[in-house]
Amino acid sequence: SPALWVIRNGGSAFFSHSSALVFCSSYSFFHSSPSNDSFSNRWRFLSYLVKCIVHERPYTVYGYKGKQVRDNLHAFDVCSAIHSFMKNPKSAAVYNLGGTRASHVSILEAIAKIEALTGKKGKITYIDEVRLGDHKWYITDMSKFKNDYPEWRVTRNIDTILEEMCRYEMERAND
């Protein structure tokens, strides 16, 4: 049966039809909230940044003065994209998957938004040195996927993602 390759910010995942079903159910359960992310700034920078600000831990911004931009895709939209593929699979399909211009943010913007949502001031340190392999601006080109699945849309933008993450982490902090 057809399978799906998903490419996301240098990482990739391969899904057969049945593994996509398992992935969507587990991804939406384990990754729709920041609670199950490891406390690391290497991946999932938003959840790490939210945790640092909520729990008053230091966060270090490397290079570009925090102006680097990343797109972000909610777990629901990831699963929705995979579901679109599963309904009408394309043989040997390879797609980029990300938030596109519909859901992107710089580190500086994310810090300001999280501080406003939580009422807490981040303990932010800036280091001029750019991390090896980092890039200043990354927005996913999903044109191939959108051509094959024109009904699919990003349904949760960066503000919605951050509101959910902050609400969840604040509730956890108060438990």
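The values are calculated or read from the model by the stated rules, or taken from the named source; none is laboratory data. Quick caveat: nothing in here was measured; it's all calculated off a predicted structure. Don't worry about glycine lacking a Cβ; one is built from the backbone with ideal geometry, like all the others, and counts go over all protein chains shown. Only protein heavy atoms, including side chains, enter the accessible area calculation; ligands, DNA and RNA are left aside. Shrake-Rupley method; radii C 1.70, N 1.55, O 1.52, S 1.80 Å.
Quick notes on this structure:
- Using a probe of 1.4 Å, the accessible surface attributed to residue 113 totals some 70 Å² when neighbouring protein chains are kept in position.
- With all protein chains modelled, accessible area of residue 151 [1.4 Å, Å²]: 100 Å²
- Solvent exposure ordering (accessible area, 1.4 Å, most first) of 165, 170: 170, 165
- Taking all protein chains together, 74, 83 sort by accessible area into 83, 74, largest first [probe 1.4 Å].
- Top positive-direction residue, dipole computed over the stretch 129-175 with Cβ charges, set 161, 149, 133: 149
- Across the stretch 70-75, computed HN-Hα scalar couplings (Karplus, 6.51 cos²θ - 1.76 cosθ + 1.60, θ = phi - 60°) run 10, 8, 9, 10, 5, 4 Hz from first to last residue, x flagging Gly and Pro.
- Rounded to the nearest 10 Å², the accessible area of residue 79 at probe 1.4 Å: 20 Å²
- Placed amide H near residue 69: partners under 5 Å, 5+ positions off or other chain: 137, 138
- According to the Cα-based calculation, Rg over Rh for the stretch 82-175 is 1.07, with Rh computed by the Kirkwood formula.
- Reachable lysines, given that their alpha-carbon falls under 19 Å from the alpha-carbon of residue 87 and they are not under 8 places away in the same chain: 144, 146
- All aspartates and glutamates inside 13 Å of residue 123 as judged from Cα atoms, apart from same-chain residues fewer than 8 positions distant: 56, 115
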